[in-house]
1. For H303, which sequence-distant residues (separation of 5 or more, or a different chain) have an amide H within less than 5 Å of its own amide H, given hydrogens modelled in the peptide plane?
2. Give, as a single signed number, the net charge of other residues whose beta carbon lies under 12 Å from the beta carbon of A117, with Lys and Arg counted +1 and Asp and Glu -1.
3. In whole Å, what is the distance between the alpha-carbon centres of the stretch 175-207 and the stretch 106-152?
4. Please work out the FRET efficiency for the pair Q342 and T32, using the Cβ-Cβ distance as r and a Förster radius of 51 Å; give the result to the nearest 0.05.
5. From largest to smallest, what semi-axes in whole angstrom does the stretch 63-132 give when each is the square root of 5 times an eigenvalue of its alpha carbon gyration tensor?
6. Give the Debye-formula value of log10 I(q)/I(0) at each listed q (0.12, 0.14, 0.18 Å⁻¹), with one equal scatterer per alpha carbon of the stretch 5-137, two decimals each.
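None of the figures in this text is laboratory data; all of them are computed from the coordinates on show. Computed from a predicted structure; not experimentally measured. Backbone-built Cβ (ideal geometry, glycine too); neighbour counts: all protein chains shown.
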Amino acid sequence: MKKCINWYPVFIMIAIDLAFAISNILLKKVVTDGMDHLVFITYRQSISTIFLSPLAFFLERKSRPKLTSSILCHLFLSAIAGASLTQYLFLVGIEYTSATFACAFVNMVPVVTFLMALPFRLESINLKYSSGRAKVIGTLVCLGGAILLTVYRGIPLVHFSGSQHVTQSIKLSSSKRSERWTIGSLAMLAGTFLWSSWFLLQANIGNRYPCQYSSTAIMTFFSAVQSALFSLSINRNHSIWYLDRKTDIIAVIYAGMVGSGLCIVGMSWCVKKRGPVFTAAFSPLVQIMAAMFDVPILHEQLHLGSLIGSITVMAGLYMLLWGKNKEMKNQEIKVVQSEETQETKEQEPQFQVIGITSES
């Protein structure tokens, strides 16, 4: 029975990655069909707020600290960096490239976050240890894979029939497709840096307001309001808010409840049970699962540059995670040894010299 329980986090992370892969495929479908990006974000974040608010209210009602104006400002900025603008950039990227390609940039988030944390001394590198060298090499390998993904497409690896190729994408010239691919790559690269900065901001919020469900519900609410206002300011056509296609409705509900709701709950449980490194190690699985749906169902083309770049990013990510995991274990060993040394000193008998005098 205990062995089955130990496997629960693995099964849950596989299910979460499958849910994310399906969500990316649905995102690609709705943006290709012409659904407005900001409208999608508004609906998705609204559903997430409705889903997470009851969880936040009941699970954290006894431990929730006072919500100050300073914390609200931080959550508002967090909504811009981690939800509204980041999701918009990723939607642009996924529209101009593919769901599989977008997942490769998601795999870069831990590495970029690590690089951005160095100047703030939230992370450190010690080249004397193998863990420090692994973190440096993994970062460089991952960044090399990112550059390869951005500048090189390579030959197509899958050959579709004529009818399939027409449904794959609109008829564009080779130069136009290359231009769109470059724009999509740059949009996802910008989204990756923005999402990584959100993790640094979230670390500060977590220390001041350690209520994950409540802070996430507030953040998704702010994101929904931001996206709605921005959409209304640039497009006064109210018809874009009507969802006529069933795929749009399914994608919005699924992304809101599963992609932003249940997955957050599941990942939080896995982080609590196995730690953040264990959870992050499963992120490349999303790309593999997305490719399993992306190529045969949406007939998206898989290029040699995307394949080599994705493998390079995954290799760099796992090297970084290995170094980080080894570093955390070494720190835990040092803490235990320090505590044992302190206990030993406290248990040592204290000898006191007593002077003896004689009376004549």
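1. L157
2. Charge balance near A117 sits at +2.
3. With the stretch 175-207 and the stretch 106-152 each reduced to a Cα centre, they are spaced 16 Å.
4. 0.25
5. Its equivalent ellipsoid spans semi-axes of 27, 26, 9 Å.
6. At q = 0.12, 0.14, 0.18 Å⁻¹ the computed log10 ratios are -0.76, -1.01, -1.26.
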